[in-house]
Amino acid sequence: DTFGKGLPFETEDELRKRGTSKTPDVLLKCPVGIRIPTVARCPLSSHNEIPPEESDDDEWKVVCWIDSKAVFGDVETHNVEVFPQAESYVHRFGPGLILYWFGHAPRDQLLNGHGDISVAAWDLTMKIMLPTGEIL
């Protein structure tokens with residue numbers, strides 16, 4: 001279950017069985033809002049720019065899919081390899097989220113497809129808003 005929150009989704013394998021050629025790791029059955037920190041932080045790191053709790057500057061983003069990357073999201077890797085792949089998901093499924101396991105470069109240096117591609121570091125405390133407005 002996505003983030004341990006019980007959200008219904010289809011996996012990459014399930015999407016491939018349906019004949020979808022380009023697949024994110026997770027396609028959510030319905031869009032959700034995800035609270036994205038505006039300043040990169042990692043709750044497991046002692047080198048945070050700000051504490052891991054929420055900031056008033058965090059923003060809610062609509063997300064239809066999630067793709068995780070087991071790398072640090074440096075500018076070149078993101079803009080040259082990850083972004084074109086993610087952009088194809090936006091065209092097929094709508095806005096989405098790239099989760100970098102080991103953090104990422106400053107967001108203002110990472111392409112975002114006019115706001116349709118959100119970038120976040122792996123954070124198990126991430127807040128999710130259901131279409132009903134309920135926050136998990």
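Most simply put, the stretch 54-136 has about 10% antiparallel DSSP beta bridges, counting only bridges with both residues inside it.
For Ile135 and Asp25, the FRET efficiency from 1/(1 + (r/R0)^6), where r spans their Cβ atoms and R0 equals 25 Å, is about 0.60. Entry note, the stretch 52-136: relative contact order of 29 percent, from Cα contacts under 8 Å with a spacing of 6+ residues. Projecting label points 7 angstrom from Cα along Cα→Cβ for Glu81 and Thr125 puts them 3.0 nm apart.
Throughout, read-outs are computed from the coordinates displayed, never taken from laboratory work. This one's a predicted model, so the numbers in the text were calculated from it and none came from an experiment. As a convention, Cβ positions derive from the backbone with ideal geometry for all residues, glycine included, and neighbour counts pool all protein chains shown.
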